[in-house]
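So the structure is just underneath, and the comments pick up after that.
Just so it is clear, none of the values below were taken in a lab; they were calculated from the coordinates. From a predicted model like this one, the values you see are computed outputs, not experimental measurements.
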Amino acid sequence: GPIRRPNGQLYYPRALAPGVSDVDALRKLRTAGIPALLYGPPGTGKTSMAEAAFDDLITIAGDGDTTVGDLIGDWTQKDDGGYEFIDGPVITAMLEGRALLIDDATLISPKVLAAMYPAMDGRKQIIVKAHKGETVTAAEGFYVIAGHNPGVHGAILTEALSSRFSTQIHVETDYDLCRQLKIDAKAVTIAKNLAKLAANGEVGWAPQLRELIAFQKIADTISVEVAFANLIGIAPIEDRDQVAELVAKTAGTRVTALALGKQI
């Protein structure tokens with residue numbers, strides 16, 4: 001059945017193998033100490049899957065500006081003018097034996113990620129050079145998951161990172177779930193058709209679960225026409241004509257990217 005995530009939204013588990021759901025698989029992998037890499041387009045539910053699997057999850061939102069201090073910890077000035085070392089999410093997860101999701105891990109500099117590699121191998125330890133060379137050993141239950149968006153500019157899955165994730169799971173949008181969530185059927189059809197075109201290299205973008213959920217919220221809040229106009233507007237410029245053509249063909253409404261008009 002559905003699992004409630006920390007933000008209150010429900011996650012509907014999906015089959016990963018016969019008799020095994022994605023959530024159950026992640027929990028089994030954690031018990032066995034096998035790190036998992038979730039990869040696929042942005043907005044397909046990678047973070048949601050991890051949140052549904054682990055109620056003790058700590059999440060790091062990675063980007064090109066992420067530093068070693070952001071992961072491991074750094075010195076922070078106190079109100080009295082002194083300084084104290086604040087543990088980063090990696091150290092916190094290690095000490096408390098919690099699950100750790102490194103979202104958009106491949107946007108983080110490989111040199112920065114290398115700082116946590118010792119915690120992911122047989123050593124299960126990190127030497128915190130910034131804090132007197134302290135050695136931190138991971139408590140039972142510590143587990144690492146990473147998210148990777150292959151099509152995002154700047155996302156690089158290095159051999160060093162890939163080799164540390166024995167399990168790599170491809171995550172795509174569940175269009176059956178979209179219908180279960182009562183998302184407009186025409187919008188789902190358009191997304192599926194764009195996904196087929198993208199797979200053939202004819203377009204570079206297709207709406208994923210995140211965009212389709214947003215579509216329905218806009219449709220319910222303002223109107224379906226506005227939601228379709230917004231769908232065209234969020235598509236990359238080079239794909240907008242084809243998205244607009246599919247909207248006109250499937251939904252029977254000819255709209256352009258959402259934009260302001262004349263004064264009322």
### Task
Any of Lys196/Lys262; Lys46/Lys186; Lys217/Lys249; Lys192/Lys217; Lys111/Lys192; Lys46/Lys196 with alpha carbons more than 31 Å apart? Name them for me.
Lys196/Lys262; Lys111/Lys192
### Query
So for the chain: antiparallel DSSP bridges make up what percent, rounded to the nearest 5?
45
### Amide H within-cut-off set for Leu100, under 5 Å, with H built and near neighbours excluded
Ile58, Tyr143, Val144, Ile145
### Computed P(r) (all Cα pairs; segment 43-112; 5 Å bins; percent)
4, 16, 20, 21, 19, 12, 6, 3, 1, 0
### Message
Which of the three applies to segment 179-264, rounded, prolate or oblate, going by the alpha-carbon gyration tensor with a ≥ b ≥ c and a/c under 1.5 meaning rounded?
### Response
oblate
### Summary
Note to self, the chain gives a 222 nm [θ] from helices alone (DSSP H runs n ≥ 4, -39500 (n - 2.57) apiece, / all residues, nearest 500) of -10500 deg cm²/dmol
